[in-house]
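Reading through the structure tokens given below for one structure.
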2 protein chains.
Amino acid sequence: MLYIIGLGLYDEQDITVRGLQAVKKCRRVFLEAYTSILLVEKEKLEHFYGKDIIVADREMVESQIEVILKDADREDVAFLVVGDPFGATTHTDLELRARALSIPTKVIHNASIMNAIGACGLQLYRFGEAISIVFFTDSWRPDSFYTRIAANRQRGLHTLCLLDIKVKEPSLESLARGRKVYEPPRYMTVNTAIEQLLEIEENRGEGAYGPDTLCVGVARLGADSQQIVAGTMKELRQADLGPPLHSLVIAGDTHVIEMEILSAYRIHGASSPGPSAVQCETH
Amino acid sequence: MLYIIGLGLYDEQDITVRGLQAVKKCRRVFLEAYTSILLVEKEKLEHFYGKDIIVADREMVESQIEVILKDADREDVAFLVVGDPFGATTHTDLELRARALSIPTKVIHNASIMNAIGACGLQLYRFGEAISIVFFTDSWRPDSFYTRIAANRQRGLHTLCLLDIKVKEPSLESLARGRKVYEPPRYMTVNTAIEQLLEIEENRGEGAYGPDTLCVGVARLGADSQQIVAGTMKELRQADLGPPLHSLVIAGDTHVIEMEILSAYRIHGASSPGPSAVQCETH
């Protein structure tokens, strides 16, 4: 049996009881570690599970999937995924490959940014399509999600922006030389996301959003050090949300109850909830 | 401290390790039991936690919230929620009330239908706004979500339909008599949802969807008896997905990989994946 197990948002305690029981009976345990990360070391997980963990990087999952699936028709294998197993397309691939080899699979769900973002104070059922923002490079400044933000906001919907994570990426320079050297991990901050978004708006000029648009930045969701900050893009561009991971929500139309919750997260602090500044974004 | 703890999708094993530890140290434990249900008895949860559980029905949560919050500034109180705490607005109210009373709160996240629906084979990041379908009555046949389905499908997006749950609802007749008598619990099936949807389309006639639109029905998500069935509305209207809870997804445009996964869930069985019938819905 191949168990595909969601680990939840933050650390080793976020696995479900069902998931923990499954891990404990598996012969081999893989940890997917490039579409997202847990904010805890591998060793801590190993100690908690009483199992060795093999880190499955992008290369392994994309080109050596048979290593993971080996003997999974006869013994139990765990593939651990940060968040929920269906947060990323890769795990769908894994399930399809297993199915083709007649290997039974079982998915154990958990929280992921896609539902836990409700903690930001904006109601989950009022979110439109989610988008992903990747790091700009000198030559690659993708902005195809702009129309999706615009379409969400036209309908008054909020937009969850998943921010880029670069883990074990070969440097372009090293690829050119034919010998892979990996860049240090990089995690996009709310600040960088907003800078890129504002650059895109400046180029497009269609007014999908602007410096005065209400946003909510979320850092380390589910951790004790979790931080939620609401403010305009202009304000959040400078806000320090601390270490990774960060996510960003661009608000659509907001309801009274949403504004009431957000008031506690306003960037100027609870003492000056600045309702006027915020309400300029409501319709 | 008020702990608001997500229980996940199915039974007592779906709580996270962090959540279980929190419940175990709480003096009083409430279980919210009207916006969703676990598919397991209260007694099983009590045995698993080693705690008595007070079932919090709609009346308690909406009009006796002080019972739940009593002394929560001095002792630990758990409020258990099926799925994730931010799946329903009520829990937001609870947090706001706690905040007003300066009671510290901690949210412990879990899987909910809002992210676990990715298991149906359609990619989560291609879902638009979710909708809720309530039981039609003779005099009340709400269809305001129709424009939202239409808007999602115009953009090629999938629509998650949350299906009505009626637990401990006073009967209209008993309300008229001034003495509450509760109706037996009712859970909307995929069949009823589709019947209502097709009636609405017949009345509106704007072609947001129709009998040949591809849908995916999901029953008992996360349970061993989980069932996922893909087919046209016409086909799913008759499909038997068994006991509750049911959910429905109305597909937007589908990608090749989505169709590949769905092929295993086709209503005619894996032996006749019926790609032509399905692909008529792709663009």
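Throughout, read-outs are computed from the coordinates displayed, never taken from laboratory work. Every value quoted in this text rests on a predicted model; they were computed, and no experiment measured them. A quick note on method: Cβ atoms are made from the backbone with ideal geometry, for glycine too, and the neighbour counts reach across all protein chains shown.
Quick notes
- Note on chain B: with charges restricted to the Cβ of Lys and Arg (+1) and Asp and Glu (-1), its dipole about the Cα centre is near 600 debye.
- Among the trypsin sites (Lys or Arg not before Pro) in region A:134-242, those placed in a DSSP loop whose Cβ has at most 11 other Cβ atoms within 10 Å are A:Arg179.
- Number of partner chain Cβ atoms within 10 Å, mean per residue of A:59-72: 0
- Cα pair distances in chain A, grouped into 5 Å bins until the bin that holds the longest one, percent each: 1, 5, 11, 15, 16, 14, 12, 10, 8, 5, 2, 0, 0
- DSSP finds beta bridges in chain B, and of those with both partners inside it, around 50 percent are antiparallel.
- Largest GNM mean-square fluctuation among A:Asp164, A:Asp73, A:Asp138, using chain A with Cα springs under 10 Å: A:Asp138.
- Only Cα pairs under 8 Å and 6+ residues apart enter the sum, and on that basis the relative contact order of region B:104-259 stands at 25 percent.
- For A:Asp212, inter-copy separations between label points set 7 Å beyond Cα along the Cβ vector come to 4.9 nm, shortest first.
- Projected over every direction and averaged, the convex hull enclosing the alpha-carbon atoms of region B:124-283 yields 10.4 nm².
- Extension gain, A:Ile54 back to A:Trp140 (0.36 nm per residue minus Cα-Cα distance, nm): 27.6 nm
- Whether the protein assembly as shown is rounded, prolate or oblate, judged on the alpha carbon gyration tensor where a/c under 1.5 counts as rounded: rounded
- Cβ-placed point charges (K, R +1; D, E -1), dipole of the protein assembly as shown about Cα centre in debye, nearest 20: 680 debye
- Given chain A, longest segment not containing exposed loop GluC sites (Glu not before Pro) (DSSP; at most 14 other Cβ within 10 Å): A:76-205
- The residue in chain A that lies nearest, by its beta carbon, to the axis linking chain A with chain B is given here with the distance in whole angstrom as A:Asn115, 2.
- Inter-chain shielding of B:121-129 (mean C-beta neighbours from other protein chains, 10 Å cut-off): 6
- Under the criterion of Cα pairs below 8 Å and six or more residues apart, the relative contact order for chain A equals 17 percent.
- Gaussian network model of chain A, Cα within-10 Å springs - most flexible of A:Thr137, A:Thr159, A:Thr92: A:Thr137
- Averaged over the residues of B:98-107, the number of partner chain Cβ atoms lying within 10 Å of the residue Cβ comes to 1.
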